[in-house]
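Where a number appears in this text, it was derived from the coordinates with a stated rule and is not lab data. All of these numbers come straight from a predicted model, not from anything done at the bench. A quick note on method: Cβ atoms are made from the backbone with ideal geometry, for glycine too, and the neighbour counts reach across all protein chains shown.
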Amino acid sequence: MLQGTTQEHRVNFSQGSNQTQVQEKQREIKRLQEIEWLHKQQYERAEKFRKEQEELERLQEVHRQKEERVNSELAGKFRKVQEEEQKLKEQQELLHLNSIKQQEIERELATQLEGWKREKNKLEKEQRERKQTLDAREKSLQHQQQKLAKEFEDWKGEMEKKEREALKGLQVPPYWKNKDMHSPWQNVEKIVLTDGTEKDAVVAAFLNGKSTNQNLEVLQVERVQNITVWSSYAGRRHAMMQRQGATDNYERVWLFHGTDENTVHKIVSQGFNRNFGFREINKNALTMYGKGVYFAVNSSYSSSHRYSKPNSAREQRMFACRVLVGEYCQGKPDEPTPDERHERELYDSTVDNVNTPEIFVAPHDAQAYPEYLITFKAH
């Protein structure tokens, strides 16, 4: 038992001794690090002192050279003054000998002094005038710079305004449902309108365009939301509205286009196809006022069974469309394009009567957007 205790005591003593040695080593290392840091500080201070000493010596050398130049210049001026004093002394001696000569010299000196004053005044005047000219030029340049800066800001503001208007014109209508073009909703939708201002406006336009002997009942109004077709239409509208002299009358809201039940889906999903206005493709195509897509000012024309063909339930379909009629001319039978208006540019559309048009023909698909689909029945 005693022997075990003694061995344990030795082990503890040995461990304590080792810890003490480690601590002394750590303190020694710390002292060495501090000495190394002090040496580094002393070296940096010595290096800094050496550089400052070199800079001081350089400045002293510059000062010495400058002092030598000044002394040399002063010595030269002093010699010149001595020479002048000697000359003046000689002149004074001569003046003492001849007072008349002295007076003449004084008058001559006074004349020279007066001439120097006049020359000095002239130089000062020229200097003032030159300064005024430079000040005027500087002021003029500042004014031009301010004017150019203002013109640039005005131009920049105008460009930003046009850019905002362009972006606004390309956006989908604000009353569309799910109008964010980057949202994951379907690209094409038909939204059934409930009773309200929007539906009332479409129904009123439809009924106001019917003839007095017609008895039409509106069964349903659907808003067509097709981003692809709208983007094409909006882009063409923006380009057309950039023309000089463009007016709001370039776009008609709404013109009517009758169709049958089977064609509705094609127009809703793809927009209008002017190729169906060619007899070579569609034997029932109307080409009286040129080839293209036909639109009527009054719904009575489009509600004819020839265009709005009834289905088995006697229901008919008609689109209320936005149409970019632009500048139009008199239509001609079977003509594939409108006439030229100036410098090889064509008219945008053709009509049945230039003075009081009731039918518009659009030669380009993107000129029209089928905004509302009206389902109705005649009684």
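One table, with the values for the structure above:
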read-out: Tilt relative to the chain, helix 261-270 - C-alpha long axis, 0 to 90 degrees, to 10; value: 10 degrees
read-out: Kirkwood Rh in Å, taken over all unlike Cα pairs in the chain; value: 32.4 Å
read-out: Computed [θ] at 222 nm, helices only, for the chain once each DSSP H run of length n ≥ 4 contributes -39500 (n - 2.57); value: -20000 deg cm²/dmol
read-out: Dipole in debye (nearest 20) - the chain, about Cα centre, beta carbon charges: Lys, Arg +1; Asp, Glu -1; value: 520 debye
read-out: Residue with peak Gaussian network fluctuation, the chain [Cα springs, cutoff 10 Å], from Phe272, Phe319, Phe78; value: Phe78
read-out: Estimated inter-spin distance, Asp260 and Glu93, nm [label 7 Å along Cα→Cβ]; value: 13.9 nm
read-out: For segment 290-309 and segment 137-151, distance of Cα centres in Å; value: 62 Å
read-out: Histogram of C-alpha separations across segment 15-162, 5 Å bin width, %; value: 2, 6, 5, 5, 5, 6, 5, 6, 6, 6, 7, 6, 7, 6, 5, 4, 4, 3, 2, 1, 1, 1, 1, 0, 0
read-out: Helix 99-170 vs. the chain, principal-axis angle (Cα, 0 to 90°, nearest 10); value: 30 degrees
read-out: Computed E for Asn355/Leu148 - FRET, C-beta separation, R0 51 angstrom, nearest 0.05; value: 0.55
read-out: Degrees between helix 197-208 axis and first principal axis of the chain (Cα, 0 to 90, nearest 10); value: 50 degrees
read-out: Lys/Arg +1, Asp/Glu -1 at C-beta; the chain dipole; positive extreme among Thr228, Ala136, Gly290; value: Thr228
read-out: Cα pair count fraction exceeding 14 Å, expressed as % - segment 98-152; value: 72 percent
read-out: Shape metrics for segment 188-378, restricted to C-alpha atoms - Rg then Dmax, Å; value: 16.1, 52
read-out: Selection from Asn18, Pro173, Gln86 lying farthest towards where the dipole of the chain points positive, charges on Cβ; value: Asn18
read-out: Leading residue at positive end of dipole, the chain (Cβ point charges), from Gly271, Met241, Leu373; value: Leu373
